[in-house]
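Rule-based calculations on the coordinates, nothing more; no lab input. Everything numeric here is computed off the predicted structure, so don't read it as measured data. Cβ sites come from the backbone with ideal geometry, for glycine too, and all protein chains shown count toward neighbours.
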Amino acid sequence: MTVATKQPLSNAQLEILQLFAVDLSEEEILELRQMLIEFRARRLQLAIQQLNPTPSQIEQWGKGHDRSTSSQK
């Protein structure tokens, strides 16, 4: 038997649960999902701006997960 670790809800999750205690239409759900995606994208953009990376740092980050090797060519 597996014991699940209980993790409390965040303040954002609790707020969303309280706001949407009623059912939404499929259209409303899609609109809400898009709004949440845009919210997260803005927060990510702000975090990146606060890092103030140089173009060469951004280029290095882009290459950070390149796992290809010359033997695979």
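Rounding to the nearest 20 debye, state how big the charge dipole of segment 21-64 is about its Cα centre with +1 on each Lys and Arg Cβ and -1 on each Asp and Glu Cβ.
On the way: 5 positive and 7 negative charges, 100 e Å.
That gives a dipole near 480 debye.
What is the distance, in nm, between label points placed 7 Å from the Cα along the Cα-to-Cβ direction at residue 32 and at residue 10?
It is 1.7 nm.
Along the Cα→Cβ direction, 7 angstrom out, place labels at residue 61 and residue 43. What is the inter-label distance in nm?
1.7
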